[in-house]
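The values are calculated or read from the model by the stated rules, or taken from the named source; none is laboratory data. Keep in mind it's a predicted model, so treat the numbers as computed, not measured. Methodologically, a virtual Cβ is constructed for each residue, glycine included, from the backbone with ideal geometry; neighbour enumeration extends over all protein chains shown. Quick note on the areas: whole protein, heavy atoms, side chains included, nothing else; ligands and nucleic acids left out. Shrake-Rupley method; radii C 1.70, N 1.55, O 1.52, S 1.80 Å.
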Amino acid sequence: MSGKQKVVVLGAGPAGISAAWRLTRLGYPVTVLEKDEAVGGMGRTISLGDYKVDFGPHTFHIRETAESKQILRTITPFFGENPLTLVRGTRVLLRGKEYVYPLEMLQVLFGVNPLLSALIIWDYGLATIKSMFAPAKTEDSFEEWGVRNLGRTLYDLCFGIYSARVWGLPTTQISSKQAQRVAKLNLKNIILRTLGIKADPTTYFTKYFYPRAGISQLYEGMAAEIRAAGNQILLGSPAIRVEREGERVSQVVYATSGGDKTIACDVLLSTLPLPALVGMVSPPLPESVSRHADRLRYRSLKLIYIALKRPRLTDYHWIYLLDEHFRVNRMSEQKNVSPDMVPKDRTILCIELSLWKDEPLWKASDEEIYRLALRDLMKMGYGVTESEVDAYYIAEIPTAYPVYELNFEDHLIPVLDGVHQMRNLMTLGRHGLFLNNSMDDNVGLGFQVADHIEQQGADGRVWVAEMLEFMKLRFAGK
Ligand SMILES: Cc1cc2nc3c(=O)[nH]c(=O)nc-3n(C[C@H](O)[C@H](O)[C@H](O)COP(=O)(O)OP(=O)(O)OC[C@H]3O[C@@H](n4cnc5c(N)ncnc54)[C@H](O)[C@@H]3O)c2cc1C
C-alpha cells in the first residue's frame with residue numbers, strides 16, 4: 001500500500017465505511033475511528049432478546065437512475081443469499097382510517113366526509129389563484145410550500161400537524177427545503193397519479209432492497225473486507241480532537257479504554273455532525289465558524305420497540321400517524337421487512353418519538369417513554385392490549401435529523417466553507433453535509449469521495465464545491 005496517502009475516516013456509518021471500503025480497494029492505507037462498538041451508524045441492526053431489529057427498518061432505496069443502479073450492483077454481493085426486493089408498503093393513519101402513501105387522492109376525497117372533501121378542493125383552487133399573484137421570495141417556509149401546492153385543508157391534514165410534531169417547530173419556521181422528498185407533490189400531480197395518467201415523481205422510492213439478516217449485513221461485509229486487506233476499524237474509539245497545523249490537519253486524538261491515543265493522517269474524512277467536528281478542531285477555527293455551527297440544530301429520536309405475543313400486527317413496513325392526538329410520529333414492523341429476524345409467533349414494532357435533547361422528556365425514564373408509546377399504540381385501532389406485550393426496549397439517536405430552520409443555509413455554508421479551509425479535510429454523509437438524505441446517497445458519497453481522492457487528489461475546497469452542487473439537487477428534490 002506504500003506511496004498512497006494515509007487516510008483517517010471519522011465514523012463507520014454508511015458514508016464512512018463505504019469510503020473506507022472503496023479506498024481500501026484502491027490501495028490506500030485507511031484507519032476508521034468509530035465511537036460505537038459496531039459499524040453501520042444509524043443504519044445498523046441490533047439484537048434485543050430474541051428479536052433482531054434495525055434502528056427503524058433501514059431498507060436500501062432503489063432510485064431509477066444510472067448512478068443508483070451502479071451503487072446497487074456494487075453492494076449486491078454483501079446482501080447475502082436471496083436478498084429481498086420489497087415494494088413500498090407505507091400507510092398513513094388519518095382520522096382513524098388507513099390511506100396508501102404516496103397519497104391516492106380519490107381514496108382521500110372519498111375517505112373523509114363530503115364537507116371536508118369539498119373544502120380540500122375549494123382551498124386548493126384558492127391557493128392556486130393566490131400563488132399566481134404572490135411576489136417571488138428567496139425562501140419559502142414549509143407551510144407556504146404546502147399551502148401553495150396542496151391547499152390549506154389538505155396540507156394541515158397530511159403534512160402540517162405531523163411536520164410540526166416531527167420537527168418540534170411551527171412549520172412557518174421550517175424551510176421549504178425540508179420538503180425535498182416530496183418536492184414534486186401537489187394536488188394536480190396526486191390526482192393525475194391516482195388516475196394513472198402520471199407516474200410517481202422520481203423522488204418517491206417505490207422499491208427497496210434488503211438483506212434477510214438486517215441492514216448491518218451490508219456494512220459488516222464491507223468492514224470484513226477492509227480488515228482482510230490489512231486496514232483498521234477501531235471500534236469504541238471516538239475522535240476527541242482534530243489537530244491542525246495552519247491549513248492542514250496533521251493528526252487526530254481519540255479516546256480508548258486504555259487512554260487517549262493519536263493517529264497521524266495525510267487526509268481526514270469526517271462523517272461527524274458538523275458542530276461536533278468544529279468543536280474538536282485545535283487550534284480552533286475562527287470564532288465566526290463556531291457561531292454558525294451552534295445554529296445548526298438536530299432533532300433527536302427515541303425508538304420504542306414493543307414486542308407482542310402475536311405473529312403479526314399489520315401488513316405494512318411503516319405507518320405515519322398524522323392525527324394531532326398522537327405524540328409519536330411513525331410505527332414500523334420489522335417482520336414485514338424481513339420475516340427471518342423475528343420469531344414466528346411474535347412480532348416487534350418500532351415506534352418513533354422526536355424530541356429536543358434539552359426537553360425534559362428526553363431524560364424521562366424508559367418506563368415513562370414506553371407508557372407514552374403504548375398509549376399511542378392503543379389509539380391506533382389495531383386492538384393491542386397491554387397483556388400481549390412480551391417486552392419493550394428503548395434506543396436513542398441524539399442526532400437523528402438535521403433541522404432545516406428558515407434560512408439555515410446562511411449558517412451551513414459558512415460552516416462548510418470554514419471547515420474545508422483545512423485543505424486535507426473532506427466532510428460527507430448525513431451529518432458531514434447536514435443533508436437529510438438516505439443510505440443509498442451516503443454509500444454513493446462514500447464511493448464518490450474515494451474516487452475523487454484517487455482522480456483529483458484530496459483538496460477540501462474542490463470537494464466542498466462539488467458537494468454544494470450535489471446538495472442543491474437534493475434540496476430541489478432531484
Ligand atoms: C429512524 C431512521 C430511519 C431511517 N430509515 C432509513 C431507511 O429506511 N432507508 C435509508 O436509506 N435511510 C434511512 N435513514 C437514514 C440513514 O440512517 C442515514 O442516511 C445514514 O445512516 C447516514 O449515514 P452516515 O454514515 O452519513 O451517518 P451515521 O449513520 O450517523 O454514521 C456516523 C457514524 O459516526 C460515528 N461517530 C459519531 N461521533 C463520533 C466520534 N466523535 N468519533 C468517531 N465516530 C463517531 C457514529 O457512531 C456513527 O457510527 C433513517 C434514519 C433514521 C433516523
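Keeping every protein chain in place, order His325, His420 by accessible area at 1.4 Å, biggest value first, i.e. largest first.
Working: His325 100, His420 0 Å².
Most to least solvent-accessible, the answer reads His325, His420.
Defining a contact as two alpha carbons under 8 Å apart and six or more residues distant in sequence, what relative contact order in percent does the chain show?
Value for the chain: 24 percent.
Quick one: which residues, 5 or more positions from Asp54 or on another chain, have an amide H under 5 Å from its amide H? H modelled 1.01 Å from N in the peptide plane, none for Pro or chain starts.
Under 5 Å from the amide H of Asp54: Ile46.
Give the angle, between 0 and 90 degrees and rounded to the nearest 10, that separates the Cα long axis of helix 439-456 from the longest principal axis of the Cα atoms of the chain.
Orientation of helix 439-456: about 30 degrees from the principal axis.
With the other protein chains left in place, how much accessible area per residue, in square angstrom, belongs to the chain at a 1.4 angstrom probe? Could you put the intermediate results ahead of the total?
Values: 19850 Å² over 478 residues.
Normalised by residue count, the accessible surface of the chain is 42 Å².
Would you compute, from DSSP H runs of 4+ residues alone, the mean residue ellipticity of the chain at 222 nm, taking -39500 (n - 2.57) per run and dividing by the full residue count, rounded to the nearest 500?
-10500 deg cm²/dmol
Between Glu287 and Ala118, take the C-beta separation as r, use R0 = 35 Å, and let me know the FRET efficiency to the nearest 0.05.
Working: r = 56 Å, r/R0 = 1.61.
That pair, Glu287 with Ala118, gives E of 0.05.
Quick one: if the Förster radius is 35 Å, what FRET efficiency do Asp315 and Arg227 give, using the C-beta to C-beta distance and rounding to 0.05?
About 0.30, to the nearest 0.05.
Which angle from 0 to 90°, rounded to the nearest 10, does the C-alpha axis of helix 216-228 make with the longest principal axis of the chain?
Approximately 10 degrees, to the nearest ten.
Cα axis of helix 114-133 to longest principal axis of the chain: angle in degrees, 0 to 90, nearest 10?
Once rounded, the angle reads 50 degrees.
Pull up all non-local amide H partners of Lys207: gap of 5 or more, or a different chain, and H-to-H distance under 5 Å with H placed in the peptide plane.
Ile62, Arg88
How high is the relative contact order of segment 1-128? Use alpha-carbon pairs under 8 Å, at least six apart in sequence, and give a whole percent.
Working: 100 pairs, mean separation 16.5, N = 128.
Value for segment 1-128: 13 percent.
Let's see if you can work this out: charge +1 on each Lys and Arg Cβ, -1 on each Asp and Glu Cβ, no other charges. What is the dipole magnitude of segment 1-155 about its Cα centre, in debye to the nearest 20?
Working: 18 positive and 15 negative charges, 77 e Å.
Computed about the Cα centre, the dipole is about 360 debye.
Accessible surface of Ser288 in the full protein assembly, 1.4 angstrom probe, to the nearest 10 Å²?
Its heavy atoms expose roughly 50 Å² to the probe.
Each residue of segment 271-278 in turn: what ³J(HN,Hα) in whole Hz from Karplus with 6.51, -1.76, 1.60 and θ = phi - 60°, glycine and Pro shown as x?
Ordered by residue, 3J(HN,Hα) equals 10, 6, x, 4, x, 5, 4, 4 Hz.
Going Cα to Cα from Lys335, which lysines come in below 24 Å? Please leave out same-chain ones fewer than 8 positions away.
Within the straight-line cut-off, Lys335 pairs with Lys52, Lys97, Lys207, Lys302, Lys309, Lys344, Lys379.
Of all DSSP beta bridges located in the chain, what percent are antiparallel, nearest 5? Don't skip to the end; give the middle numbers.
Working: 53 of 73 bridges.
Just about 75 percent of them are antiparallel.
Order Arg227, Arg461, Arg430 by their accessible area, 1.4 angstrom probe, all chains in place, largest first.
Largest accessible area first, the residues go Arg227, Arg461, Arg430.
Rounded to the nearest 20 Debye, what is the dipole magnitude of segment 229-365 about its Cα centre when Lys and Arg each give +1 and Asp and Glu each give -1 at the C-beta?
Working: 19 positive and 16 negative charges, 104 e Å.
So the dipole magnitude of segment 229-365 works out to roughly 500 debye.
If you keep only loop residues by DSSP, which GluC sites (Glu not before Pro) in segment 55-103 have at most 14 other Cβ atoms within 10 Å of their Cβ?
Counting only loop positions with at most 14 other Cβ atoms within 10 Å, the GluC sites (Glu not before Pro) in segment 55-103 are Glu64, Glu81.
Picking from Ser175, Leu26, Ile304, whose Cα lies most toward the positive end of the charge dipole for the chain (charges on Cβ: Lys, Arg +1; Asp, Glu -1)?
Value: Ser175.
In debye to the nearest 20, how big a dipole does the chain give about its Cα centre with +1 on each Lys and Arg Cβ and -1 on each Asp and Glu Cβ?
Charge dipole of the chain: 840 debye, to the nearest 20.
Write down, largest first, the equivalent ellipsoid semi-axes of the chain in whole Å, where each equals the square root of 5 times an eigenvalue of the alpha-carbon gyration tensor. Please list the in-between numbers first.
Working: eigenvalues 279, 151, 91 Å².
Taking √(5λ) for each eigenvalue gives 37, 27, 21 Å, largest first.
What residues qualify as long-range amide H neighbours of Arg244, i.e. H under 5 Å apart, gap of 5 or more or another chain, H built at 1.01 Å from N?
Result for Arg244 returns Ser250, Ser282.
Restricted to Cα positions, what overall size does segment 38-147 have along the principal axes? Three whole-Å values, descending.
53, 37, 25
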